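Below: the structure, in structure tokens.
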Amino acid sequence: MIDIHSHILYGIDDGSTDIEESIEIIKRLKQIGFHKIIATPHYIDNTEYVTGNKKKKEILNKLKKGLKISQIEIDLYLGNEIYLSEDILGKITAKKISTMNDSNYLLIELPLSEKVGHALDMLTNIQCKGYHIILAHP
């Protein structure tokens, strides 16, 4: 099985708080049959949930090393859970936001306060740029 939406990158959003917690969560996921995980920390513009790709990759690599030391074999990849907002397409194309494992797939969370029609226009614009959208919590 593949987990395409997890908050296992520790210390950067409302998921794991430290590397030990991340390793324990991954250990449990491995035990129930997962063999790949895409870490998808929040990306919410103008909030504390905006972590740069360099920092996310640094944490991901430390986590991979911790898993190797703990002898937990599982593939980890990087993504983001992207909260849809006005300038999000510009940030995606500027590579400030992680796509799902450097692909053209995006995990998008719809805003609660936007009108659906406006959100649909933004999603259409993203798709017109060649991205495929996976909706988180539709």
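Based on alpha carbons, the Rg and Dmax found for the chain are 15.3, 49 Å.
Could you give the accessible area per residue of the stretch 5-138, probe 1.4 Å, as a whole number in Å²?
Result: 57 Å² of accessible area for each residue.
Here the calculated FRET efficiency for ILE69 and ILE32, from their Cβ-Cβ distance with R0 = 25 Å, stands at 0.70, rounded to the nearest 0.05. Here is the list for the stretch 32-138: trypsin sites (Lys or Arg not before Pro) lying in DSSP coil, each with at most 12 other C-beta atoms within 10 angstrom of its C-beta, are LYS95, LYS115, LYS129.
The values are calculated or read from the model by the stated rules, or taken from the named source; none is laboratory data. A quick note: this is a predicted structure, and the numbers were derived from the prediction, not measured. Don't worry about glycine lacking a Cβ; one is built from the backbone with ideal geometry, like all the others, and counts go over all protein chains shown. Note: areas computed on protein heavy atoms with side chains; ligands, DNA, RNA excluded. Shrake-Rupley method; radii C 1.70, N 1.55, O 1.52, S 1.80 Å.
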